[in-house]
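Asks: What follows is a structure written as structure tokens; I'll ask about it next.
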Amino acid sequence: METILGIVLAFGIFLGTSGLKIDREYERGVIYRLGRFSSIKGPGMYWIIPVIDQKAQVDIRTKTVDIVPQEAITADSVTIKVNAVLYYRILDPDKAINRIENYQLAVYQAAMTTLRNVVGQTILDDILQKRDQINFKVQEIVDEMTEPWGVVIERVEMKDVEIPLSMQRAMAKEAEAVREKRARLIKASAEQEASIKLAEASKKIMENPAVLELRRLQMLTEIGAENNTSTIIMLPSDLITFAKQWTQVSSVTQVDGVQLLKEQVTEEKEGDRSVVPAEVQI
């Protein structure tokens, strides 16, 4: 009798310990009872019926999928190579185990084909400049495909875009031309602005001669600065004005005098010989 009780007790201890399961925080247990889905357990410690219940463990942490570089033809017929990385996690362990044989391979294949299709519908400039939009579009499409499998796509990032060497050279020339055009526009705008300011300053100086005199004094101060090798002789503005007027009067007087002497010489012609005074130079 004692032997039977010992056997029963040992069998009970075996059942109790063998059915005890512990799952970590990021693990879930899919329980099958007699081959049929029963429940999802975890995290923590729980007990299942030995022999009758079976467990399939699922990791629900975020996983990454590296999409290897693959050739694709853009909408404007440029052959490029693109690669990307995809982040996903298991949202429903029941669907991930029971509705697809290998959800990891399925997610990878879906991401690879979707990326190639999206690139084929986009021109090269948009691929290079609007990566965020392309990433979001790929994420939406793949997430819709994997939803029946209990998988959610958290993010897709396109990493590298390999462009043919000839296309790289053409793009470099285009970028250089754009930079040169921008530099010329900036220079022309600066010169135009400087000419406008100079015209405004000239107008103010003409309206107020005292400003010109102040500028002259400022330049004299700069000339007298230390280590200045330039020497500029500036005359007062009144003296310059007087000199201009005197030059104009002298020129008129000289021209009139020469004309008068020419008339006298014409009248004093003797035969074929003309007499011209020595002090007059024509």
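Since every read-out is calculated from the coordinates, none of them should be taken as a lab result. From a predicted model like this one, the values you see are computed outputs, not experimental measurements. So basically every Cβ, Gly included, is an ideal-geometry build from the backbone, and we count neighbours across all protein chains shown.
Asks: Gain in length, GLN70 to LEU105, computed as 0.36 nm per residue apart minus the alpha-carbon separation, to one decimal in nm?
Replies: Stretched out fully, the GLN70 to LEU105 stretch lengthens by 10.9 nm.
Asks: Work out from phi, with θ = phi - 60° and the Karplus expression 6.51 cos²θ - 1.76 cosθ + 1.60, the ³J(HN,Hα) of each residue of region 63-78, listed in order in whole Hz, and give x for Gly and Pro.
Replies: 10, 10, 10, 8, 8, 5, x, 9, 6, 8, 9, 6, 5, 9, 6, 10
Asks: Within region 47-68, find all residues whose amide N lies under 19 Å from a label point positioned 7 Å from the Cα of ASN98 along Cα-to-beta-carbon.
Replies: 48-49, 52-60
Asks: Starting at the first residue of region 20-37, write each ³J(HN,Hα) from the Karplus equation 6.51 cos²θ - 1.76 cosθ + 1.60 with θ = phi - 60°, in whole Hz, x for Gly and Pro.
Replies: Along region 20-37, the couplings run 7, 10, 9, 10, 6, 4, 9, 10, 9, x, 8, 9, 10, 10, 6, x, 10, 4 Hz.
Asks: For region 2-59, evaluate the Debye formula with one uniform point scatterer on each Cα (no solvent term) and list log10 I(q)/I(0) at q = 0.18, 0.23, 0.27 Å⁻¹, rounded to two decimals.
Replies: Log10 I(q)/I(0), no solvent term: -0.63, -0.85, -1.03.
Asks: Calculated FRET efficiency, GLU193 and SER77, Cβ-Cβ r, R0 51 Å, to nearest 0.05?
Replies: Once the sixth-power term is evaluated, E becomes 0.70.
Asks: Of LYS95/LYS137; LYS21/LYS63; LYS95/LYS159; LYS81/LYS159, which ones are farther than 19 Å apart at the Cα?
Replies: LYS95/LYS137; LYS21/LYS63; LYS95/LYS159
Asks: Based on the Kirkwood radius over alpha-carbon pairs, what is the Stokes-Einstein translational diffusion coefficient of region 57-128 at 4 °C with 1.567 mPa s viscosity, in µm²/s?
Replies: 95 µm²/s
Asks: Sticking with this structure for a sec: In nm, to one decimal, how far is the GLU25 label point from the MET45 one, both placed 7 Å along Cα→Cβ?
Replies: With each label point 7 Å from Cα toward Cβ, the separation is 1.9 nm.
Asks: Same structure, new question: What size of dipole, in debye to the nearest 20, comes out for region 2-59 about its Cα centre when the only charges are +1 on Lys and Arg C-beta atoms and -1 on Asp and Glu C-beta atoms?
Replies: It works out to roughly 220 debye.
Asks: Among residues other than ILE141 whose Cβ falls under 12 Å from its Cβ, what is the net charge (Lys/Arg +1, Asp/Glu -1)?
Replies: -2
Asks: Continuing with this model, one more query. What is the distance in Å between the Cα centres of region 109-180 and region 1-73?
Replies: 41 Å
Asks: For ARG33 and THR62, compute 0.36 nm times the residue count separating them, minus their Cα-Cα distance, and round to one decimal in nm.
Replies: So the chain would gain 7.6 nm between ARG33 and THR62.
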